[in-house]
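Following: one structure in structure tokens, then a few remarks.
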Amino acid sequence: MFRSNPGPDRRLVSLLDAASFEAEQYRRLRHQLEELRARNGVRTIAMTSAVAGDGKTLTSVNLAVTLARSSGAKVLLIDMDLRRPAVANALGISVRHGGFGGALESTRGSLADYVQSVPKSALAVVPSVVTRADTYELLSGPRFVQLIDEARSQYDFVVLDTPPVIPVPDTTLIHRHVDGYMVVVSANSTPRKLLGEALNLLTPAAVLGLVFNRDDRPLYGYYRGHYRQYFRNYIRAMNQGTPA
């Protein structure tokens with residue numbers, strides 16, 4: 001068992017403050033992905049970034065929680081960053097059986113043996129711990145394909161929190177088994193040159209879109225002050241199943 005955590009990260013707005021302006025931006029992203037699924041069958045999404053520190057894990061969790069709020073939707077979040085896993089810590093949960101790394105290292109058993117529930121959410125998750133095995137071999141082997149195929153057959157959306165593109169090859173190894181990449185960009189922080197390099201490594205056709213994180217433009221403050229009650233009324237109506 002991995003060490004227990006005190007609780008979810010306060011920046012998980014989709015889980016802790018669904019009425020916020022920030023959570024509304026994840027609902028916009030959810031809508032776009034639902035449209036992509038309807039038009040092009042996009043269901044398995046790899047979340048990544050050019051470099052570490054751009055907020056991809058918090059973005060992955062917030063997006064997955066938001067997707068899981070859709071009525072009847074089955075959504076699975078997998079921590080595929082086997083070198084620096086962070087999903088369990090963000091959610092404040094313990095990892096069972098070594099998580100996704102343990103599933104990859106095992107020669108038998110199904111993905112369901114490693115799936116955990118997220119408190120106060122309909123989201124299912126397979127977290128992970130740091131693996132000592134060769135990640136290249138794990139992600140290029142038949143066991144990975146088996147587990148991803150199992151996930152695709154059982155869930156409407158599968159969100160993979162993958163490592164940054166430039167430091168390690170893990171994210172590009174799996175391109176044949178995902179429907180596309182969402183690249184998290186830290187506003188005013190991610191170097192444009194490194195972002196361009198990351199997009200070239202992924203190939204433009206594989207990129208579903210960019211998610212700009214930590215944008216501190218005045219628009220945020222404006223909506224926060226004037227429309228806070230609107231968002232709360234919207235969430236209340238959504239929970240009651242009536243129009244806002």
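Amide H to amide H, with H built 1.01 Å from N, Val207 comes under 5 Å of Tyr181, counting only residues 5 or more places away or on other chains.
Each of Met80, Met47 was scored by other Cβ atoms within 10 Å of its Cβ. Arranged with the fewest first, they read Met47, Met80.
So what is the relative contact order for the range 1-92, in percent, with contacts set as C-alpha pairs under 8 Å and at least six apart? It rounds to 41 percent for the range 1-92. Using C-alpha pairs under 8 Å with a sequence gap of at least 6, the mean separation divided by the residue count of the chain gives a relative contact order of 27 percent.
Both the radius of gyration and Dmax for the chain are 17.6, 55 Å, in that order, over alpha-carbon atoms. Counting every other Cβ atom within 10 Å of each residue's Cβ, Leu36, Leu111 order from fewest to most as Leu36, Leu111.
Only the coordinates and a few stated rules stand behind these numbers; no lab work does. Keep in mind that this is a model prediction, so the values were computed, not measured. Note that each Cβ is placed from the backbone with ideal geometry, even for glycine, and that neighbours are counted across all protein chains shown.
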